[in-house]
1. For the range 131-156, which residues satisfy the criterion of being exposed (fewer than 14 other Cβ atoms within 10 Å of the Cβ) and assigned to a loop (DSSP other than H, G, I, E, B)?
2. Evaluate the range 115-137: report whether one residue or more is in contact with a helix residue (DSSP H, G or I) (Cβ under 9 Å, 6 or more places away or on another chain), more than 21 Å from residue 39 (Cα to Cα) and not assigned by TED's automatic domain parsing to the domain that holds residue 213.
3. Return yes when residue 159 is farther than 30 Å from residue 239 by Cα, in contact with a helix residue (DSSP H, G or I) (Cβ under 7 Å, 6 or more places away or on another chain) and in contact (Cβ under 8 Å) with a residue 24 or more places away in the chain and no when it is not.
4. Just for helices (runs of 4 or more DSSP H) wholly inside the range 169-243: which have at least 2 residues that are in contact with a helix residue (DSSP H, G or I) (Cβ under 8 Å, 6 or more places away or on another chain)?
5. Among the residues of the range 86-108, are any surrounded by fewer than 17 Cβ atoms within 10 Å (Cβ to Cβ) and closer than 19 Å to residue 15 by Cα?
6. So the check is Cβ under 6 Å with 6+ separation or different chains; which pairs have a first residue in the range 46-57 that's assigned by TED's automatic domain parsing to the domain that holds residue 366 and within 13 Å of residue 242 (Cα to Cα) and a second one that's assigned to a loop (DSSP other than H, G, I, E, B) and at pLDDT 95 or above?
7. Could you run through the range 268-278 and say how many residues are over 23 Å from the mean Cα position of the chain (by Cα) and crowded, with 17+ Cβ neighbours inside 10 Å?
């Protein structure tokens, strides 16, 4: 049994990293548990990048600030990132996509590992790597701590409040919280993708192709279509989604696609890793033989883990809906604001994103605190891509910048609740919002007006 802490954060991806840093800066004792040997989750282990937009849909207003902005600027100071204010939709950094891709953040995953580590250690967070959560201890409807396993054996980590930043709602599920999975019609979830990086690319040839084919959402769509229809290749996507990195000739590839599997099932995850790595071999052969600028490309690396877009969504005190995002509904308990559009990769075909007939979101939309609170379970906040939201709404808020914003709110709320001797369900929203704003967070124009009137 470990020494208790005020706040226990499980998972160190964007949401967990922000939660741990924010809670510690609120004066709480914090422990952070991570299954890999480094921090960052999809930022690092998943090789996912760039970070999608942290700005409004029109690219004019930075909505996600706070810990996220500090993280980016510290990477930038090391030469490991470009601040989103300096990138535009339609550029190589944005994968040549315009809609929803203004102000993305290109970054180097090694810079992300080091900056994340130092931000956590500077706040005296008790860091526990190579560790998995395997059980939850619930007493009288309240989560009291988490059981973990690692090379040292099994341990119980008690805490005043727990933040589930696992991405899959693992702690919520272990504690008996109710959750949903997949789209309403058939329960299918968005496909998994294994990111990989290639080098020795002729950057100018790739960009020239895109200039000559402005009608293509992704580069090389017409080549992919011809190669598929002729029977030469069976390719996983209708085009090649690739993002230029900070290093000349090096691009991230987001083109593998594994359908119909469950990211919370170990057997399915195993099958997904195998299928995706086989797809990498196929794609590399196709790239070299068929694509302008990629004839001499080489595989640099594949991600340490397959990327899961969607799995569990908790049933919370409020379910965020597509209508909330489309109308830009204001919430009195707003704790995060985002502008990334609904990005559904079809669970059953090679289509997507942005082509499922879904109306565009508002220029900016809000995420309420209640969507982080599991129904009928105390002592726990859930943050990141497993919050309480519909399949459609989650497809917008699941990306990394909103996860940073939600994580920062969860960390501050957890620390404040423990210090005040109250349950996180009963957080003082006004106090939480005031603290977020004092740390540079943006809570929306409606909130700003209300604060000014007050």
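1. 140, 141, 151, 152
2. Yes: the range 115-137 contains one or more residues that are in contact with a helix residue (DSSP H, G or I) (Cβ under 9 Å, 6 or more places away or on another chain), more than 21 Å from residue 39 (Cα to Cα) and not assigned by TED's automatic domain parsing to the domain that holds residue 213.
3. On the way: farther than 30 Å from residue 239 by Cα: yes; in contact with a helix residue (DSSP H, G or I) (Cβ under 7 Å, 6 or more places away or on another chain): no; in contact (Cβ under 8 Å) with a residue 24 or more places away in the chain: yes.
When the stated conditions are applied, residue 159 does not pass them.
4. Working: elements: 170-174, 203-212, 221-229.
Answer list for the range 169-243: 203-212, 221-229.
5. Let us first name the residues in the range 86-108 that are surrounded by fewer than 17 Cβ atoms within 10 Å (Cβ to Cβ), namely 86, 88, 90, 98-99.
The next check asks that each one be closer than 19 Å to residue 15 by Cα; those that pass are none.
No: zero hits.
6. 47/195; 47/303; 48/195; 50/104; 50/106
7. 0
The values are calculated or read from the model by the stated rules, or taken from the named source; none is laboratory data. Every value quoted in this text rests on a predicted model; they were computed, and no experiment measured them. Note that each Cβ is placed from the backbone with ideal geometry, even for glycine, and that neighbours are counted across all protein chains shown.
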